[in-house]
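This report refers to the structure that appears directly beneath it.
The values are calculated or read from the model by the stated rules, or taken from the named source; none is laboratory data. All of these numbers come straight from a predicted model, not from anything done at the bench. Neighbour counts run over all protein chains shown; Cβ positions are idealised from the backbone, glycine included. Accessible surface areas use protein heavy atoms only, side chains included; no ligands, DNA or RNA. Shrake-Rupley method; radii C 1.70, N 1.55, O 1.52, S 1.80 Å.
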Amino acid sequence: MMSYEIDPKGVTLTPEQMRSRRLRNIAIGLVVGALVVLFYAVTIVKLGPGVLKPPI
Amino acid sequence: MAISTAEPRDYLALVKPRVMQLVVITALAGILLAPHPVNFVIGLSSLLCIAVGAGASGALNMWYDADIDAVMRRTAKRPIPTGRVTRPEVLAFGIILSGFAVLTLYLVANALAAALLAFTIFFYVVIYTMWLKRATPQNIVIGGAAGALPPIVGYAAATGHVDVAPLVLFGLIFAWTPPHFWALALARTTDYGNAGVPMMPNVKGADHTRLEILIYSLILVAIGVLPTALGFASYVYGAFALVLGVEFVRRSILVFRVREGEAANKTAMSLFWFSIVYLYVLFAELLVERVIYVVGVLR
């Protein structure tokens, strides 16, 4: 069985790993933002203006 | 476990953007063929779902075919063979995108469109990639059905049913696929041979492939003019289909006749590139006239 020496400071990312992680985070953020807009628009189209007037 | 250095562009490469372009154009044609124009937001969202579903298929194809991709020149620079993304990452990416695309299409459009998209992904990944591709020289003939389905999915998303018009577009892409891929395979025989993929030229020989290319080209030209004959495309489209179709057959005859040396490769690649132009121009023309129709109806 392999033994590990745990670094008390945790994992230190290389500049390349940091850069790619930042780019992935930005991409995921943009996609999630676009999905919010998409689902909002589809909801309005499917339900019509009535979505803003809930029954009392 | 290694920490990933994959960038967004690597994930973009996984969804095969070039194939996705063709899927978008053909699915859009299916959406615009609807007799009653669909709502813009619903149409656009449906198109997005179909495109993402196609991208997911591409990613799952790269996940399964990483071994083949690594030994072929055309595919050796893909994200898995170069080590930029791992296979489990690609598998997860493909499955999540597939599920998301199908479920969203169900919510945005209807159950039929979602089921057809799910079937398209299943057919491309399981039937074509996992089974046919490594088993038979008819791989791209039968597997071509997956690439031909987007117009049907698009039409179903817009109307809730399937009709003759999208089926004709299905037939057009289905008949286009063999001459398109076999022209490439003729020029890349060694590559496919090294990878152990039983493409038609490797199994039945180059001459037999040339004959089949010619036969499929003739079928393609006949299907190409059907939209005008059946009345869902104009005579302008018909003229384009006829002129480009004749050129397609002329180039197929050249491929059939020029069989030796570098000239043979050159003629095959020339047919391959022309086949792309053929399909893009026909669908672009169809899109233009359907957009004019939709604008006319909405006025």
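Counting the residues of the stretch B:129-170 that are surrounded by fewer than 19 Cβ atoms within 10 Å (Cβ to Cβ) and under 21 Å from B:Gly53 (Cα atoms) gives 8.
Could you count how many residues in the stretch A:14-27 are under 10 Å from the mean Cα position of the chain (by Cα), open to solvent by 50 Å² or more (accessible area, probe 1.4 Å) and within 9 Å of chain B (Cβ to nearest Cβ)?
Residues flagged as under 10 Å from the mean Cα position of the chain (by Cα), open to solvent by 50 Å² or more (accessible area, probe 1.4 Å) and within 9 Å of chain B (Cβ to nearest Cβ) within the stretch A:14-27 amount to 2.
Scanning the stretch B:8-35 for residues that are within 14 Å of chain A (Cβ to nearest Cβ) and either open to solvent by less than 30 Å² (accessible area, probe 1.4 Å) or touching a Pro at 6+ places or on another chain (Cβ under 7 Å) (or both) returns B:Asp10, B:Ala13, B:Leu14, B:Val15. Is it the case, given these coordinates, that B:Ala268 is within 26 Å of the chain's Cα centre (by Cα), of a type outside the set (S, T, N, Q) and either under 17 Å from B:Tyr237 (Cα atoms) or in a helix (DSSP H, G or I) (or both)? Spelling it out, B:Ala268 is indeed within 26 Å of the chain's Cα centre (by Cα), of a type outside the set (S, T, N, Q) and either under 17 Å from B:Tyr237 (Cα atoms) or in a helix (DSSP H, G or I) (or both). Within the stretch B:83-118, being closer than 16 Å to B:Lys16 by Cα, open to solvent by 60 Å² or more (accessible area, probe 1.4 Å) and within 14 Å of another protein chain (Cβ to nearest Cβ) holds for one residue alone: B:Arg84. Could you tell me whether any residue of the stretch B:220-229 is closer than 19 Å to B:Asn139 by Cβ and either touching a Gly at 6+ places or on another chain (Cβ under 9 Å) or in the same structural domain as B:His36 (by TED's automatic domain parsing) (or both)? There is at least one residue in the stretch B:220-229 that is closer than 19 Å to B:Asn139 by Cβ and either touching a Gly at 6+ places or on another chain (Cβ under 9 Å) or in the same structural domain as B:His36 (by TED's automatic domain parsing) (or both). Residues in the stretch B:36-60 that are more than 14 Å from every other protein chain (Cβ to nearest Cβ) and either free of Cβ contacts under 8 Å to residues at least 24 places away in the same chain or not hydrophobic (A, V, I, L, M, F, W, C) (or both): B:His36, B:Gly53, B:Ser57, B:Gly58. I need a count of the residues in the stretch B:242-290 that are open to solvent by 70 Å² or more (accessible area, probe 1.4 Å) and of a type outside the set (A, V, I, L, M). Final tally of qualifying residues: 7.
Determine whether B:Ile3 is within 13 Å of chain A (Cβ to nearest Cβ), surrounded by fewer than 20 Cβ atoms within 10 Å (Cβ to Cβ) and modelled with pLDDT of 95 or more. Let's see the steps before the verdict.
Working: within 13 Å of chain A (Cβ to nearest Cβ): yes; surrounded by fewer than 20 Cβ atoms within 10 Å (Cβ to Cβ): yes; modelled with pLDDT of 95 or more: no.
No, not satisfied.
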